[in-house]
1. In region 14-61, what count of residues is obtained for those that are outside any loop (DSSP other than H, G, I, E, B), free of Cβ contacts under 8 Å to residues at least 12 places away in the same chain and more than 22 Å from Arg121 (Cα to Cα)?
2. Please specify each residue of region 152-175 satisfying the condition of being out of contact with any Leu (no Cβ under 7 Å at 6 or more places or on another chain) and in a loop (DSSP other than H, G, I, E, B).
3. Output the residue which, of all residues in region 1-60 that are surrounded by fewer than 16 Cβ atoms within 10 Å (Cβ to Cβ) and of a type in the set (S, T, N, Q), is modelled with the highest pLDDT.
4. Within region 63-74, take every residue that is closer than 17 Å to Leu131 by Cβ and out of contact with any Asp or Glu (no Cβ under 8 Å at 6 or more places or on another chain) and give me the one that is modelled with the lowest pLDDT.
5. Of the residues in region 62-72, how many are in contact with a helix residue (DSSP H, G or I) (Cβ under 8 Å, 6 or more places away or on another chain) and either buried (at least 21 other Cβ atoms within 10 Å of the Cβ) or without any contact (Cβ under 8 Å) to a residue 12 or more places away in the chain (or both)?
6. What about Gly136, is it farther than 22 Å from Arg21 by Cβ, modelled with pLDDT under 95 and not charged (D, E, K, R)?
7. Restricting region 39-59 to residues that are among the charged types (D, E, K, R) and within 20 Å of the chain's Cα centre (by Cα), which is farthest from Ala173 (Cα to Cα)?
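The values are calculated or read from the model by the stated rules, or taken from the named source; none is laboratory data. What you are looking at is a predicted structure, and each value in this text was computed from that prediction instead of being measured. For neighbour counting, all protein chains shown are included, and Cβ atoms are generated from backbone atoms with ideal geometry for every residue, glycine included.
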Amino acid sequence: MSARLDALRSTLADHRPGDERERRSLVRTRALLDWLRDPFDQHADPTHVTGSAIVLDGDGRTLLHRHKRLGIWLQPGGHLEEGEAPADAAVRETLEETGVDAHHPAGGPRLVHVDVHEGPRGHVHLDLRYLLLADGAGPLRPAAGESPTVAWVDHGTARRRSDASLLAALGAATAAHREGGVTTPPGGPR
């Protein structure tokens, strides 16, 4: 776990928050990583790291799903599996929750947003949100047991369906996508 924790601390040290809420979330996440016995294990403490994805397609659309317990539109994401890095959880959770095979940009995982929020069942999620890219033309097929309500949405629809934190994450991902020259490869994900 120490190598994974060191890698996460390094990533967070380099991350620059986009607004005051994210700055507070980043400070809190860094402090809790020093305090929690195993911040990657959802069973070790109600407060733990989660990995989420802001998924963009070549047309600038965003992939969202309506959370089955919370009833709100969110980015795909969730708890880490044993030994899994948050960036890898973002990819896996996207596939499970939407059926979309998304990938990190060519340069590797790109953390675009950090948010601390209450999750279901009294959990506190230290949510690390990564930019993922995908071909928006494929079918949306959430895994059994996941919310069946999934959609590629344009910027205006995303704005109407999102809370302030998700809007900030969408803005950060879109900016990273533009500034980094990151593109979705022809023919979809690699």
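1. 6
2. Correct list: Asp154, Asp163.
3. Ser10
4. Leu74
5. Looking only at that region, the number is 4.
6. Taking the combined requirement at face value, the residue satisfies it.
7. Once the filter is applied, the top-ranked residue is Asp41.
Each row is one residue, and each column tells you yes or no for (1) over 18 Å from Asp101 (Cα atoms); (2) surrounded by fewer than 13 Cβ atoms within 10 Å (Cβ to Cβ); (3) aliphatic (A, V, I, L, M); (4) free of Cβ contacts under 8 Å to residues at least 12 places away in the same chain.
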residue	(1), (2), (3), (4)
Ala144	no, yes, yes, yes
Thr149	no, no, no, no
Gly156	yes, yes, no, yes
Arg160	yes, yes, no, yes
Leu167	yes, no, yes, yes
Gly171	yes, no, no, no
Gly180	yes, no, no, no
